Amino acid sequence: MAPIRLAIVDDHKMLLGALTEWIRSAASDIDMVGAFATWPELLTSPAFPVDVVLLDLDLKDNIPVALKISTLKTTGVRVVLMSTYSEPNVVREALAAGALGYLVKSEDAGMIVEAIRAAAQGESFISAELDLALNAGDIGGAPKLSAQERRVMALYGGGEPVKSVAYQLGISEETAKSYLKRIREKYRVAGIDVGTKVALRKRAIQDGILIQDAPSGSF
């Protein structure tokens, strides 16, 4: 598959530089084609349009984020937003406008890469912290899991060790562990304990993520 063409827009130049270098060195399937400090720089770049834009929500330019997302969508660009805060109403507004991903800047670097990959495939990816804030009132029900979280839960609940889960999904072992941590935290907030592998498997079957008595590795 062709590399994912990525551009980053963030007016925090130190973070912009760090993200650029980290993605270039750690994700061979992502082609960093531009890092910009302002919105106009992105739109006027010869590299635009790209596949995915990692966009800082907190740009101080008074341009509504919904307008930015709409502009990118009309050119076929998918959007992952980054922010330093997790106000649920802001998150909902961004998702309603068409953003596929929403991350807090404290997220693990591996999760940022996963969010970019998910967006490139048209899948949503919400930071675990933000997802918990959005669904804090949904106590007792099954939490909303991303497609990749469901895959991890199915494989791990089906008996695969973390190393095998990572290998089968093409992610690092640390990223697979981060997914399991996110899954367990989402269930914890929903009032459901899946702290052990047995409990996680039981819940995966109950929520239809894993078919009971399916062979190991089945989805």
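The values are calculated or read from the model by the stated rules, or taken from the named source; none is laboratory data. Here the structure is a predicted model, which is why all the values come from computation and not from measurement. For neighbour counting, all protein chains shown are included, and Cβ atoms are generated from backbone atoms with ideal geometry for every residue, glycine included. Quick note on the areas: whole protein, heavy atoms, side chains included, nothing else; ligands and nucleic acids left out. Shrake-Rupley method; radii C 1.70, N 1.55, O 1.52, S 1.80 Å.
Here are the numbers:
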read-out: Scan of segment 120-166 for residues that are at pLDDT 80 or above, surrounded by 20 or more Cβ atoms within 10 Å (Cβ to Cβ) and outside any loop (DSSP other than H, G, I, E, B), ordered by number; value: 120, 125, 148, 149, 152, 153, 154, 155, 156, 157, 165, 166
read-out: Contacts under 8 angstrom Cβ, first residue in segment 184-208 being over 14 Å from residue 152 (Cβ atoms), partner open to solvent by 30 Å² or more (accessible area, probe 1.4 Å) and of a type in the set (Val, Ile, Thr), 6 or more apart; value: 189/139; 190/139; 191/139; 205/211
read-out: Considering residues of segment 1-57 that are at pLDDT 85 or above and of a type in the set (Asp, Glu) only, the residue nearest to residue 123 (Cα to Cα); value: 51
read-out: Every residue from segment 1-11 that is hydrophobic (A, V, I, L, M, F, W, C) and in a strand (DSSP E or B); value: 4, 6, 7, 8, 9
read-out: Selection count where residues are in contact with a Lys or Arg (Cβ under 9 Å, 6 or more places away or on another chain) and touching a residue at least 40 places away in the same chain (Cβ under 8 Å), scope segment 65-98; value: 2
